[in-house]
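Beneath this line is the structure, given in structure tokens, with notes to follow.
The values are calculated or read from the model by the stated rules, or taken from the named source; none is laboratory data. Only a predicted model underlies this, so the values are computations on that prediction, with no experimental measurement involved. Cβ coordinates were reconstructed from backbone atoms using ideal geometry, including for glycine residues, and neighbour counts include every protein chain displayed.
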Amino acid sequence: MWTKSTKSNTPSTLAEQALAKAEEAQKALEYEYGKASKSKLVYPLTLDAQIEKGRECMRFRIISRDHLSKKEIYFLTPAGLSVPDGVSYNELSLGSLGGKAVEAGSAVIDNIKKGKFQKTDYEEILGMGDMVAAATIAAYQYKGGVHGEKGTMAAGLAANPYTNNAFQGSNMRTFEFNFKLIAESMDEAKEARNIENTFRKFLYPRKHPGSPMVLIYPPYWEITFWKKDGKNLVQNEYLPLIMLCNLETMNTTYNASGNAFHEDGSPTEVDMSLSFKESITLTREDLYGETAIDYDAVEYKWDNIRSGQNTVPQSTPEFSKSAKETGSSSGGGSRYGGFGRG
């Protein structure tokens, strides 16, 4: 029977002990990866109103290495999206088969010279036609070295290298996104700065708390595309399904069109170029799931997005109120509408 400890901070029941362990584990994860943010970053600030008018949006979601969502950033979907699918093939000369052919031909000549020609395993491997061709080439090369090569050249003959296109694997996909953030107010310029610094901050690794000689990987980025359906946002299934990515490069240009600033010194224009690379090479199953060998089913598998270690369940952005209901418009009111600020 459990008895209460004299120490006030000691759990008295198994349930309390389990709860304490769970809290410790949660604190350890937060210490390792940080707490999730309750706020979202959106650009432009009138995003809700523009979605109400039928514009599509995209979401960048920071996913920690323990596969939890940490922060969300929303933009209008940019023009000119490009998807670089590809696989690699290399030319491969099957030297072993070519060698077998010459070897078979040499053996045939030797047997003929000795008067002992008979069916051998080579016939089964190569077939009679290949045996004769191999024997012919071997005859010209019988003396070996340069003389043999001259013989085959003079006869206009060459050994078949049996070159094939050998599959090597899938290429890593890289995605480029370019955004021009033109701030119509100081508030919008601050939002642009927060977005810029969020991408920059979580592009980099951080030092391990236990040792500066060890680095902790940067988080993943989940990239998804959304459209309005009634009062909700749903995933736009006409745009690409992208697995969890690593942010590799970021280039920022300030006031590319003209050197203008707001009263607080913030630039009126920020151009941001982001380059992401998927964290895994793809197979058909990654994109199409169980329909990998179904030649009629060509829909993406939207249930989850993979990284090299695990899957991340999809989540739907909050978008349940119209711009009119939330006051989200260029004239003022709640700037974040259905997305909220947490």
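Summary of values
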quantity: Residue that is surrounded by the most Cβ atoms within 10 Å (Cβ to Cβ), among those in region 68-98 that are assigned to a loop (DSSP other than H, G, I, E, B) and within 16 Å of the chain's Cα centre (by Cα); calculated: Leu81
quantity: Extreme residue, nearest to Val270 (Cα to Cα), among residues of region 217-250 that are in contact (Cβ under 8 Å) with a residue 60 or more places away in the chain and aliphatic (A, V, I, L, M); calculated: Ile223
quantity: Every pair of residues 6+ apart whose Cβ atoms lie under 7 Å, when the first sits in region 26-47 and is over 14 Å from Pro317 (Cβ atoms) while the second is hydrophobic (A, V, I, L, M, F, W, C) and modelled with pLDDT of 85 or more; calculated: Ala36/Leu68; Tyr43/Phe75; Tyr43/Leu181; Tyr43/Ala192; Tyr43/Ile195
quantity: Strands (runs of 3 or more DSSP E) completely within region 172-233 that count 2 or more residues being surrounded by 18 or more Cβ atoms within 10 Å (Cβ to Cβ); calculated: 174-182, 220-229
quantity: Region 190-207 residues that are over 19 Å from Ser69 (Cα atoms) and free of Cβ contacts under 8 Å to residues at least 24 places away in the same chain, paired with ones that are part of a strand (DSSP E or B) and β-branched (Val, Ile, Thr) (beta carbon under 9 Å, 6 or more apart); calculated: Lys207/Val214; Lys207/Ile216
quantity: Qualifying positions in region 244-270 - among the polar types (S, T, N, Q) and either in contact with a Cys (Cβ under 6 Å, 6 or more places away or on another chain) or part of a loop (DSSP other than H, G, I, E, B) (or both); calculated: Asn255, Ser257, Asn259, Ser266, Thr268
quantity: Yes/no for Ala256 being more than 30 Å from Gly34 (Cβ to Cβ) and of a type in the set (A, V, I, L, M); calculated: yes
quantity: Counted residues, region 32-67 - those being under 24 Å from Leu215 (Cβ atoms), surrounded by 15 or more Cβ atoms within 10 Å (Cβ to Cβ) and among the hydrophobic types (A, V, I, L, M, F, W, C); calculated: 3
quantity: Meets criteria (touching a Lys or Arg at 6+ places or on another chain (Cβ under 9 Å) and either of a type outside the set (Ser, Thr, Tyr) or modelled with pLDDT under 95 (or both)) for Phe175; calculated: yes
quantity: Residue, farthest from the chain's Cα centre (by Cα), within region 257-293, restricted to residues that are of a type in the set (Asp, Glu) and at pLDDT below 95; calculated: Glu290
quantity: Given (1) loosely packed, with under 11 Cβ neighbours inside 10 Å; (2) within 19 Å of Leu239 (Cα to Cα), index of the condition Phe276 fails; calculated: (1)
quantity: Inter-residue pairs, beta-carbon under 7 Å, first small (Gly, Ala, Ser) and in region 267-282, second part of a loop (DSSP other than H, G, I, E, B), 6+ apart; calculated: Ser279/Met243; Ser279/Leu244; Ser279/Ser307; Ser279/Gly308
